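The values are calculated or read from the model by the stated rules, or taken from the named source; none is laboratory data. Please read these numbers as outputs of a predicted model, since none were measured by experiment. Note: ideal-geometry Cβ built from the backbone for every residue, glycine included; neighbour counts use all protein chains shown. Ligands, DNA and RNA are stripped out before the accessible areas are found, and what is left, the full protein with its side chains, is counted by its heavy atoms. Shrake-Rupley method; radii C 1.70, N 1.55, O 1.52, S 1.80 Å.
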Amino acid sequence: GYEEGTLPKEAYYLPAGILLGERYIIGKVLGYGGFGITYIGYDELLKRIVAIKEYFPSNFATRGLESRDVVIYSGEANEQYQAGLQRFISEAKRLAQFNQSDNIVHIYDCIQENKTGYIIMEYLDGDTLKSYLRKCGGRMPLATVMEMMQPVIRSLEEVHKQGLIHRDISPDNIMILKNGSMKLLDFGAARAVSGPQAD
């Protein structure tokens, strides 16, 4: 996604071309939100395009220009960063059990490098529901919405039965693929709950 020699748009982005886990090549940034950077990538082993989500909470960490390692702030920020990193990794592993679901983004791998963590997942080719709505003039018939969302809702029921909640269902986190199917993505805000109630 980058021409060789092009610097990242932001200093804290990983430069394109870096190899993770001895098999995943980092490409351009697809998006950045609260505590994660998502890159397009390439799996050299299986010869396929992937999406790579990096744990990067900007409130607790930064990165210098052309550096791979995350610099974690000291004190309480460090404790919160480490706790968040462990949740990020463990929840990714739990989500991988839903790879048979047609309506949840598939998790391929999870690795720790550069003092942070990475989730390797399927790359989705399509539009977010937010973008799709914009193209529709901001409105869709109720019957159409209900029909489109039923598979996503059923997939969420599966996830909830395993004690995991998404916590960020929004048009930004639902993809409409080119074949018309729907996928729920960005479980970055997901949180494991120990019982029927979440705090």
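Of note:
- Translational diffusion of the chain was estimated from the Stokes-Einstein equation, with Rh taken as the Kirkwood radius over Cα pairs; at 20 °C and 1.002 mPa s the coefficient is 119 µm²/s.
- DSSP bridge orientation in the chain - percent antiparallel, rounded to nearest 5: 95
- For Asp109, distant residues with modelled amide H under 5 Å away: Ile120
- Probe 1.4 Å - accessible area at Arg23, Å² to nearest ten: 50
- Each other residue within a Cβ distance under 14 Å of Met121 adds +1 if Lys or Arg and -1 if Asp or Glu, for a net charge of -2.
- Charged neighbours of Lys178, selected by a Cβ distance under 11 Å, balance to -2 (K, R count +1; D, E count -1).
- Within straight-line cross-link reach of Lys178, aspartates and glutamates at Cα separation under 13 Å, skipping those fewer than 8 residues along the same chain: Asp125, Asp127
- Cross-link pairs Lys28/Lys183; Lys28/Lys161; Lys115/Lys183; Lys135/Lys161; Lys115/Lys161 - those with Cα-Cα distance over 27 Å: Lys28/Lys161; Lys115/Lys183; Lys135/Lys161; Lys115/Lys161
- The chain - mean residue ellipticity at 222 nm from DSSP helices (-39,500 (n - 2.57) per run, n ≥ 4, rounded to 500): -8000 deg cm²/dmol
- For the chain, the longest principal axis of the alpha carbon atoms and the long axis of helix 142-161 meet at an angle near 60°.
- Note on Leu177 and Lys9: with the Förster distance fixed at 25 Å, the Cβ-Cβ geometry gives a FRET efficiency of about 0.40.
- Computed from label points 7 Å out along Cα-Cβ, the spacing between Glu44 and Asn59 is 3.7 nm.
- Note on the chain: with charges restricted to the Cβ of Lys and Arg (+1) and Asp and Glu (-1), its dipole about the Cα centre is near 440 debye.
- Relative to the dominant Cα principal axis of the chain, helix 76-95 is inclined by about 50°.
- Accessible surface comparison of Asp172, Asp186, probe 1.4 Å, protein chains only, largest first: the order is Asp172, Asp186.
- Over the range 98-189: Kirkwood hydrodynamic radius from C-alpha pairwise inverse distances, Å: 14.3
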